[in-house]
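Rule-based calculations on the coordinates, nothing more; no lab input. Since the model is a prediction, treat every value here as computed from it, not as a measurement. Glycine also receives a Cβ, built like all others from the backbone with ideal geometry; neighbour counts cover every protein chain displayed.
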Amino acid sequence: MATAKPDLLTLTEFLQLPETKPASEYINGEVIQKPMLKTRHSRLQSKLIDAINSAAEEPQIGYAFPELRCTFSGRSIVPDVAVLRWQQIVLDENDEPLDDIFAAPAWTIEILSPEQSPNRVISNISHCLNDACDLGWLVDPDDRSILVFQSQQQPTLFQQDDRLIVLEGLDLELTVNQVFGWLKMKA
């Protein structure tokens, strides 16, 4: 016996819903809530944002935002880190950024949580790359690797002392060991 499938929301209906904590994403008509951040995830996210913004903000190359909703091409996603190129940041009359982003980030970074589906996260990264995003990272804290996605290329797995690919034009050098070294905290 067939069961009735619930009506799917439209993107417009989804965008009218109140925000949730943790954030919910709109993918193929479904609302999917992201998992609650854990300590390692939060620390990596914070350190990545600091490193990227230290290299990107002053020369006005771009800016890394945590948990920024990006709505484009039928999806509304919230990457762990969304890096927008400087020219993508739309300002109001007070030179402050507008709240709503209706474009793919130039660089999307996802930090895999144990309760997340890697395929769903990879699907979001691929969706970004199909819509003018230059670069995507899937950071896996459990196996200390970073899967790097570039437009029109196969993904590449980076480990240990591999030097990571960053957004073009950014004066930032990072290795996988450096990124995961940020997890260590000294008392």
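Things to note:
- Filtered by the rule that a residue be exposed (fewer than 12 other Cβ atoms within 10 Å of the Cβ) and within 23 Å of I125 (Cβ to Cβ), the stretch 64-92 gives a lone residue, Q87.
- In the set I27, I61, I52, only one residue is closer than 22 Å to K184 by Cα and surrounded by 15 or more Cβ atoms within 10 Å (Cβ to Cβ); that residue is I52.
- Yes/no for V139 being closer than 18 Å to P105 by Cα and either surrounded by fewer than 14 Cβ atoms within 10 Å (Cβ to Cβ) or of a type in the set (A, V, I, L, M) (or both): yes
- Residues located in the stretch 30-49, provided they are in a helix (DSSP H, G or I), surrounded by fewer than 14 Cβ atoms within 10 Å (Cβ to Cβ) and over 15 Å from the mean Cα position of the chain (by Cα): T39
- Among the numbered conditions (1) surrounded by 15 or more Cβ atoms within 10 Å (Cβ to Cβ); (2) on the phi > 0 side of the Ramachandran plot; (3) not polar (S, T, N, Q), the only one that D95 does not meet is (1).
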